[in-house]
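Derivation of every value follows stated rules applied to the coordinates shown; laboratory data play no part. Computed from a prediction, not measured in an experiment: that's the story for all the values here. Note that we place each Cβ from the backbone using ideal geometry, even for glycine, and neighbour counts take in every protein chain shown.
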Amino acid sequence: MRGLRRRNPGEYEFHQAVQEVAEWIIPFCHENQQYRKEQILERMTEPDRVVIFRVTWEDRHGNFRANRAWRVQFNNAIGPYKGGLRFHPSVTLSVLKFLGFEQVFKNSLTTLPMGGAKGGSNFNPKGKTDREVMRYCHSLMVELARHIGEDTDVPAGDIGVGTREISYMFGMYKRLANRFSGILTGKGLAFGGSLVRTEATGYGSVYFMREMLATRGDGIEGKTAVVSGSGNVATYTIEKLVELGAKVVTASDSGGFAYDPDGIDLEKLEWLKDLKFVRRGRIREYAEHFGCEFHKQRPPWSVPCDLAFPSATQNELSGEDAKTLLENGLIGICEGANMPTDLEGVHRFLKARILFGPAKAANAGGVAVSGLEQSQNALRMNWPRAEVNKRLEGIMGEIHRKCVEYGEDGGWINYVRGANIAGFVKVADAMLAYGAV
Ligand code: NDP
């Protein structure tokens, strides 16, 4: 870790992500010397390649603007690079390296042949017109197109990149390459997208929680749940929770959280989706419309619940928040977002031996259905909704099984250890087989 910090100064998110993994992988490598001898973990912390480029575009007032964009191609030992693109002012190389590193383990866990990558830009889509977003996406793709391909690297969406942005980028790629191929996932249904991709991360997170609860003979029905965020992951987490009989009492954005003690039902959820995805409004408006409490600039972790689903962004749940949730009787937590719990919070949850589904297992449903979208594109076929959903449920069940295999610890399952080791072994074995490449 000392060497990693020295080689990557100031990249605190990246240090944190590697530390979380190293805590479990270093002891495992001591027991399995072949990985240690060939320095597999050290090699895995160095990305294969990082591309950094300028994106110049014209805003609605006719001014030229310049942003920075990156693609971090982390590891392709088990398949072409795969991972989302994030548009947010907080995007830095450190954030993308943490996300890319995590993605390697997550993609390995899905059972599908996908390497790990992440990319994005410090562009802020908030407050921009559709035309500005279009011009930005087109300009970005003019450069990115050189570095991606269906057998090389297949990006997808993430924070700030949804169907609208993917569509603009796909259109430009198709024009530049004069080929129609599945080089992005999360596409519109009319041009190669997969059914259930939009819902996959949120649904998958709830399926993972269902698997964890089943190990204790328990289920989702009747539970009270707290969800953070109100984007793609959060809204479909809420949808599946409500369908399976839970009561969801919160949703949030970067302005604060709404507390709806009667529960967000499917009708209110439709209103919320329209607010966030069509009108691009704020969660405060949900609280005003339905006459419930709004807590400005605060995350929702003080609200008592059985189940928690942090589904907004990294480090949104601190050690103190973890303490509050545990004191209020938390049974289980599934990380819908990437690295939403800080290191102290993770340690508190593990110490309490509750059901703790870490991001690389719990939110792998999104990339798994992206992988299924690639398969459908390669086959030039579209599978029906029920088929994709069945495969998603199957994959989440298989990820859970692997976490149990490596995470069993005296009658309790340490999902963090299980997910890290299971994700590591497949990539490590491929790297061992290749020799020094
Ligand atoms: P969206 O952009 O659709 O939604 C993000 C949500 O998080 C919004 O409600 C946003 O609020 C909120 N948010 C963002 N930054 C902050 C912040 N600093 N503090 C509080 N709230 C914040 O993104 P997604 O739902 O796609 O992604 C959410 C998380 O899930 C990310 O960590 C992403 O990496 C992870 N993820 C996503 C997958 C996917 O398939 N989409 C797959 C796997 C993981 P606001 O509108 O105010 O910015």
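Taking the Cα atoms of the stretch 47-179, what is the range of coordinates along each of the three principal axes, in descending order and whole Å?
Answer, in whole Å and largest first: 47, 34, 23 Å.
About its Cα centre, what dipole magnitude does the chain give when the only charges are +1 on Lys and Arg Cβ and -1 on Asp and Glu Cβ, stated in debye to the nearest 20?
For the chain, the charge dipole is close to 1440 debye.
Given a cut-off of 18 Å, name the pairs among 106/402; 187/360; 128/187 whose C-alpha atoms lie farther apart than that in the structure shown.
Over 18 Å apart, Cα to Cα: 187/360; 128/187.
Over the stretch 249-393, what relative contact order in percent results from Cα pairs under 8 Å that are six or more residues apart?
So the answer I get is 17 percent.
Could you compute the FRET efficiency for residue 375 and residue 66, with r as their C-beta to C-beta distance and R0 at 30 Å, rounded to 0.05?
0.20
If you take the charge dipole of the stretch 200-362 about its Cα centre, with +1 on Lys and Arg Cβ and -1 on Asp and Glu Cβ, which of 227, 246, 355 is farthest toward its positive end?
Most positive-ward Cα: 355.
If I stretch the segment between residue 5 and residue 315 completely, what's the gain in nm (0.36 nm per residue apart, minus their alpha carbon distance), one decimal?
Full-extension gain reported as 109.7 nm.
With springs connecting C-alpha atoms under 10 Å apart, model the chain as a Gaussian network and identify which of 346, 278, 242 has the largest mean-square fluctuation.
Top of the fluctuation ranking is 278.
Sorted by packing (mean other beta-carbon atoms within 10 Å per residue), highest first, where do 101-111, 122-132 land?
Taking the mean over residues of other Cβ atoms within 10 Å, the ranking is 101-111, 122-132.
To the nearest 20 debye, what charge dipole does the stretch 32-136 have about its Cα centre, counting +1 at the Cβ of each Lys and Arg and -1 at the Cβ of each Asp and Glu?
It comes to approximately 180 debye.
Would you work out which of 155, 272, 145 lies farthest towards the positive end of the dipole of the chain, given +1 charges on the beta-carbon of Lys and Arg and -1 on that of Asp and Glu, about the Cα centre?
145
Which peptide among 246-257, 162-173 comes first, and what is the full order, when sorted by highest mean count of other Cβ atoms within 10 Å?
By packing density, highest mean first, the sequence is 246-257, 162-173.
Find the centroid of the Cα atoms in the stretch 243-279 and in the stretch 304-376, then give the distance between the two in whole Å.
19 Å
Counting other beta carbons within 10 Å of each residue's own, what order do 282, 348 fall into, fewest first?
Neighbour counts put them in this order, fewest first: 282, 348.
Of all GluC sites (Glu not before Pro) in the stretch 181-251, which ones are in loop regions per DSSP and have a Cβ with at most 13 other Cβ atoms within 10 Å?
Passing sites in the stretch 181-251 are 221.
Based solely on its DSSP helices, what 222 nm [θ] is calculated for the chain when runs of n ≥ 4 H residues each add -39,500 (n - 2.57) and the sum is averaged over all residues, nearest 500 deg cm²/dmol?
That comes out to -15000 deg cm²/dmol.
Could you line up 341, 324 from fewest to most neighbouring Cβ atoms inside 10 Å?
Listing 341, 324 from fewest to most nearby Cβ atoms yields 324, 341.
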